[in-house]
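Encoded as structure tokens, the structure appears first; notes follow it.
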Amino acid sequence: MTGDLIQDIDNAIRQERTERLWREYGPYIIGGAVLAVIITGGLSGWQAWKAKQAQRDTAQVMMAMEAKDAPAKAAALDKAVPDLHPGPRAVASFTAAGLLISQGKNEDALKHYEAAAKDASLPAVYRDLATWLAVRLDWSLHKANAQNLLSRLGPLIQDNNNPWTLHARLEAAQIAAHGLKDLGMARDYLAPVLKAEKTPPSLKQRAQALDHVYQLQQGNTVAQPAKEEQAG
């Protein structure tokens, strides 16, 4: 599960960064190529320094993961987090949260997600992922504050370029259906998930299943008053 999560994070970051960089800086690439020739030496030094940082951070995370059991690994990751750079820090925090969930310590895991969602030093893609995970876990634990949770998902849902938009919509649909008892709103959240060409198959299947259930429930809701009127 942790490996899949990290892979999803890496894929999302690569896509988000590539699209953003080309959109913002594409017109300057040709001119930048000329400058790149001039500053190659400086860039080489910078890249070497960044690579050294990445190696150090990776070593710290791997060392923490060598602890004897899940509680010890989670504790070691928590201890390492403050010294890590933003990307590795986020991954370490998410991994620690996953380990806590595996131990049934869901409230502690929720605190990890909440902290990551509020960490302004993290790239937006990590903060948004943390927000979605926090809302999902909060809802599964408490089944309360539906409107507040939907509000927190709002920025993710409204940004169609956000890699977590479809996941957030699926979560919002369930909160709307079960928390607000609004099946129409729930199906509205699901509609873009069903229509999007790039929706992952597993996500689309879940959305289709939910939409089918909500459609049936809507039909029953409409049919029930009609039966009561006939009986009256």
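The values are calculated or read from the model by the stated rules, or taken from the named source; none is laboratory data. Keep in mind the model is a prediction, meaning the values are calculated, not measured. Don't worry about glycine lacking a Cβ; one is built from the backbone with ideal geometry, like all the others, and counts go over all protein chains shown. SASA here: full protein model, heavy atoms, side chains in, ligands and nucleic acids out. Shrake-Rupley method; radii C 1.70, N 1.55, O 1.52, S 1.80 Å.
Within the bounds of the range 154-171, is there any residue that is over 18 Å from Tyr214 (Cβ atoms) and aliphatic (A, V, I, L, M)? The answer is yes, given that some residue of the range 154-171 is over 18 Å from Tyr214 (Cβ atoms) and aliphatic (A, V, I, L, M).
Among the residues of the range 122-141, at least one is at pLDDT 90 or above and of a type in the set (S, T, N, Q). Looking across the range 142-165, the residues that are assigned to a helix (DSSP H, G or I), open to solvent by 60 Å² or more (accessible area, probe 1.4 Å) and over 20 Å from Lys181 (Cβ atoms) come down to Pro155, Gln158.
Go through the residues of the range 172-188 one by one and say whether even a single one is in a helix (DSSP H, G or I), farther than 21 Å from Gln158 by Cα, modelled with pLDDT of 90 or more and open to solvent by 50 Å² or more (accessible area, probe 1.4 Å).
Within the range 172-188, the subset in a helix (DSSP H, G or I) is 172-179, 183-188.
Then drop every residue that is not farther than 21 Å from Gln158 by Cα, which leaves 178.
Remaining after also requiring modelled with pLDDT of 90 or more: 178.
When the remaining residues are screened for being open to solvent by 50 Å² or more (accessible area, probe 1.4 Å), the result is 178.
Yes, the range 172-188 contains a residue that is in a helix (DSSP H, G or I), farther than 21 Å from Gln158 by Cα, modelled with pLDDT of 90 or more and open to solvent by 50 Å² or more (accessible area, probe 1.4 Å).
Mind listing whichever residues of the range 194-216 are more than 22 Å from Lys181 (Cβ to Cβ) and open to solvent by less than 60 Å² (accessible area, probe 1.4 Å)?
Passing the criteria: Ala196, Thr199, Pro200, Leu203, Lys204.
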